[in-house]
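Worksheet: one structure, shown below.
The values are calculated or read from the model by the stated rules, or taken from the named source; none is laboratory data. Nothing here was measured: the structure is a model prediction, and the numbers come from that model. Neighbour counts run over all protein chains shown; Cβ positions are idealised from the backbone, glycine included.
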Amino acid sequence: MENCIEIKGLNKKYPQFALKDVNLTVPAGSVMGFIGENGAGKSTTIKAILGLMKADSGEITVLGDKAPDLRVETKEQIGVVFDGLAFPPALNAVKLDKVMSGIYKTWSSETFFGYINRFGLPLKKKFKTFSRGMEMRLSIATALSHNPSLLVLDEPTSGLDPVMRSEILDIFLEFMQDETHSILLSTHITSDLEHIADYITFIHKGEVIFTEERNEMHDKYRVLKCTEAQFDSIDKADIIGMRKTRFSCDVLTTAAEKYPDITADIPSIDDIMVFYVKEA
């Protein structure tokens, strides 16, 4: 299978928001980082991928199956983490294991309790007493315990301290050691993507602005640190976005080689996103 997710021309209109001709491809065996500000359309797109929302138009293929009518066999191959606990608050880990073993044919209690122990989670404490970080660790443990080939993750490291975030990212890298596995990772913590993403898709106001290979982004984009006179010398067609301060002007461009006399810095993923949004 060449691509584990393919979205073509996805449209969905709400009273105050719309997805507009969204195209997104996640190659099999890759990690796709999905970024954008709050309300940009990330969660709506994820719901469409999982068959939880019917689009107005467009086509979505997940693991070779057509959404929104995904077969049970396909759903069992998808591990999902939403931005919030999806389990009844009266359950505990022991009871959740029994529930999940009756839902997923490939559920592994050994794997589940291995992650519960690794994450330092209690076995018999009710979920309603869990902190935000504990809820996210539980969701990730559950998503990984039925042998999925695709992880769809919505803010999986939200609420975690830096040490636990690092461990979670290591677990995702372990998951990707099997080259048939894939991850779609929606996150506001774009520094996480610097460590694990192969590709970055940026969505803004319901429209995909770009999809880029992460490594190529570092080679392609530069931030020019300009004086007012230097800014005036830049071809406006070379300006993707700009940020003015009292004493200088920062310019995002892919044409830094044309301006060798201007200091150029490598931007972070956050920087690139902010410059595009300011221009838009």
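Before moving on, here are some points about what is shown:
- Residues of the range 212-237 that are hydroxyl-bearing (S, T, Y) and modelled with pLDDT of 95 or more: Y221 alone.
- Residues that are among the aliphatic types (A, V, I, L, M), surrounded by 13 or more Cβ atoms within 10 Å (Cβ to Cβ) and modelled with pLDDT under 95 within the range 69-85 comprise L70, V81, L85, listed in sequence order.
- Just one of the listed residues (E207, E167) is more than 23 Å from Q77 (Cα to Cα), at pLDDT below 95, of a type in the set (D, E, K, R) and not assigned by TED's automatic domain parsing to the domain that holds V274, and it is E167.
- For D56, the conditions (1) surrounded by fewer than 21 Cβ atoms within 10 Å (Cβ to Cβ); (2) within 25 Å of S145 (Cα to Cα); (3) touching a strand residue (DSSP E or B) at 6+ places or on another chain (Cβ under 7 Å) are fulfilled apart from (2).
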